[in-house]
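Contents: one structure, followed by commentary.
What follows is calculated from the coordinates using simple rules that are stated; it is not laboratory data. Just so it is clear, the structure is predicted and the values come from calculations on it, not from any experiment. All Cβ positions, even for glycine, are placed from backbone atoms using ideal geometry, and neighbour counts span all protein chains on display.
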Amino acid sequence: MTAQDVMIRVTLPDGSVREYPKGSTGLDIAAQISEGLARNVLAAKVNGVVQDATRPIDTDATVQLLTWNDPEGKATFWHSSAHLLAEALESLYPGVKFGIGPAIETGFYYDVDLNGQHFSQDDFKKVEDKMLELARQKNAYVRKPVDKADAIAYFEEKGDPYKIDLLQGLEDGSITFYSQGNFTDLCRGPHIPNTGFIKAARLMNVAGAYWRGDEKNKMLTRIYAVTFPKQKELDDYLFLLEEAKKRDHRKLGKELDLFAFSDKVGQGLPLWLPKGALVRERLENFLRRAQVRAGYQPVVTPHIGSKQLYVTSGHWDKYGKDSFQPIHTPDEDEEFLLKPMNCPHHCEIYKTKPRSYRDLPLRLAEFGTVYRYEQSGELHGLTRVRGFTQDDAHIFCRPDQVKDEFMKVIDLVLYVFRSLGFEDYSAQVSLRDPENKEKYIGSDELWERAESAIIEAAAEKGLSTVTELGEAAFYGPKLDFMVRDALGRKWQLGTIQVDYNLPNRFELEYVGADNQKHRPVMIHRAPFGSMERFIAILIENTAGNFPLWLSPDQIAILPISEKYEDYANDLFFTLQERDIRGFVDLRDEKIGRKIRDAEVNKVPYMLIVGEKEQAEGKISVRRKGQGDLGSMSVDEFVALFQQEVKL
């Protein structure tokens, strides 16, 4: 046997190709590159599939070595930590049974049946200590293929009905166990090399969860936790959580009188208070101006539509059973739905008259409120609601215009992000799942054309993108903009979608240069996404300190005593005429209290007036976060204000 017969070619992410003995592992490859890398490798991505860094590689392959800095490496770390949590629980709570223990974006959880044993936050510390005690043993995560019959027999002997239930849906030959220390679990992996990588652990929360999400099944205990490879990273994470509590948009929304919820109105239906309505109005006007410059035309559509409209669009078949149910009128067979989407209405606007190729692109924009039934347990402040407003627009264009229009929308989305301080974002190309095409409408040819247009446009704009299969809308692929807020959390805000299918379903047409009828292509876009979610993220990103142009109260005029109230009121009206918003604080309070309250309420400018200011026709200016700026004339302050607004 020659040396070539036992060597494999490995292609690394930088494009370099190296040869290694057949059966080399990800750890072996890392060790050949550097000892530092080998100490930090958590898993290996081989030919696009994440696997244990200790598994042999027997064929030529592309290999990426995953560390804590890679999302898939972090997910592997947290999934392995879930097994460590289970091992700790099994040693502390004999007879505990286990459901599932996946990694999530902020750590992991495990659903467990404690067999009647008490568990609360008071028990968190002893479980954390046990996890770290086990982690220090540096026990290897060992993978073992198991026959289905043997796997069932193992968990029958252990008396674990949940694992037996999971096994029923698995095919023989695809089942693996993972063991570390004295614990064995049903799992397909992958896992980190050993428990020693886990240096810090914190249990975060405990909640109830029905087995398999079915309320007919037993309620299990869901334990949420997070782990890190260094104690400092846990400390930093806990600090960010405390910051997140201070920035929680639900807390700040109440404190700043922006929005409220009412049980009588209904769950998930926000009420916008005057200050919050001002913020919304400013945001809408900001985007309206940008849209006018970009050639959009405003439209308005009803809050309800005939059920048949959504049958035609496909929304009823896709979402009808899980949405608000039809509204029946006294007329027989007449049914309406609360509008779940704006796009079918815009298709009908397109059809109101014949269209020529010269009319395209036609860009229709609407701040349209839609309604979707979300389970009560999934509602969360403004980020998950049942009624929300989309900054929705639909571009009807010729096939040869698709890429250019798509690129223009990318420019608009990035303009919005820059203007509002969202600098940390990524673009996600969301494609259909090629293994599950029945979830989507339309032909393969149309899907391929739409996906190619998105990929090419994003590439020409130089966007750094990731591709996610199965995340497309049911009618077309999309480019989703994922924004990280000030606390590092990721949110999907702006979205752009290419759609060849709705024009077919609504039989949209235009007369081409050849005098023949053709189908337009439809581009769906929403730079904000949901106004509610966008404002929630904006509140948390700024901690309620909105940009000056967006602040509901831009100034607070603070007279030192009632003797200067007339001067303060005159000043207020003068500034109001210059389009500067705010209020006069006429309370019988000391000036220090007035300043403190204005600071707490996030008012950018405090204008203090007393005897000297009144005599000289000036104001004493204080800027939140900067302190006193000194005395200045009204014109000098207006110039300062307008300069900041332009920034």
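Relative to the longest principal axis of the Cα atoms of the chain, helix 124-135 runs at roughly 50 degrees. Once the Cβ-Cβ distance of residue 238 and residue 37 is raised to the sixth power relative to R0 = 41 Å, the FRET efficiency obtained is 0.90. A run of the chain free of exposed loop cleavage sites, with GluC sites (Glu not before Pro) counted only in DSSP states other than H, G, I, E and B and at most 14 other beta carbons within 10 Å, reaches its longest extent at 216-331. When every Cα-Cα distance of the range 3-67 is counted in 10 angstrom steps from zero, the calculated P(r) takes the values 24, 61, 14, 0 percent. The H on the amide N of residue 181, modeled in the peptide plane, is under 5 Å from the matching H of 140, each at least 5 residues off or on a different chain. For the range 80-182, the set of trypsin sites (Lys or Arg not before Pro) satisfying both a DSSP loop assignment and a count of at most 14 other C-beta atoms within 10 Å is given as 136, 138.
Here r is the Cβ-Cβ distance between residue 374 and residue 566 and R0 is 60 Å; the resulting FRET efficiency, rounded to 0.05, is 0.70. Label reach from residue 257 (point 7 Å along Cα→C-beta): in the range 556-600, amide nitrogens under 17 Å belong to 556-559, 581-589, 594-600. A straight chain from residue 634 to residue 289 at 0.36 nm per residue would run longer than the Cα-Cα distance by 121.3 nm. In order along the range 301-315, the Karplus-derived 3J(HN,Hα) couplings, from 6.51 cos²θ - 1.76 cosθ + 1.60 at θ = phi - 60°, round to 10, x, 7, 10, x, 4, 3, 4, 4, 7, 5, 4, 6, x, 5 Hz, and Gly and Pro are given as x. So if R0 is 22 Å, what FRET efficiency would residue 513 and residue 352 give, r being the distance between their Cβ atoms, rounded to the nearest 0.05? Computed FRET efficiency for residue 513 and residue 352: 0.45. Taking 0.36 nm per residue of separation and subtracting the Cα-Cα distance, full extension of the segment from residue 328 to residue 423 would add 29.5 nm.
If you sort the three axes of the alpha carbon gyration tensor as a ≥ b ≥ c, you get a/c of 1.5 or more for the range 11-162 and a/b above b/c, which makes it prolate. Computed from point charges on the beta carbon alone (+1 for Lys and Arg, -1 for Asp and Glu), the dipole magnitude for the range 265-308 about its Cα centre is near 120 Debye. Amide H contacts for residue 204 (H built 1.01 Å from N in the peptide plane; partners 5 or more residues away or on another chain; cut-off under 5 Å): 224, 225, 226. Treating the angle as unsigned and between 0 and 90°, give the value, to the nearest 10°, between the Cα long axis of helix 231-247 and the longest Cα principal axis of the chain. Once rounded, the angle reads 30 degrees.
Only the Cβ atoms of Lys and Arg (+1) and of Asp and Glu (-1) were treated as charged; on that basis the dipole of the chain about its Cα centre amounts to roughly 760 debye. A cut-off under 13 angstrom between Cβ atoms defines the neighbours of residue 32, and their net charge, with Lys, Arg +1 and Asp, Glu -1, is -2. In the chain, the longest principal axis of the Cα atoms and the axis of helix 402-419 are about 70 degrees apart.
The residues neighbouring residue 468, those whose beta-carbon lies less than 15 Å from its own, together hold a net charge of -3 under the Lys/Arg +1, Asp/Glu -1 convention. Between the range 194-242 and the range 400-469, the C-alpha centres lie 34 angstrom from each other.
Taking trypsin sites (Lys or Arg not before Pro) across the range 350-430, the ones in a DSSP loop with at most 16 further Cβ atoms lying within 10 angstrom of their Cβ are 351.
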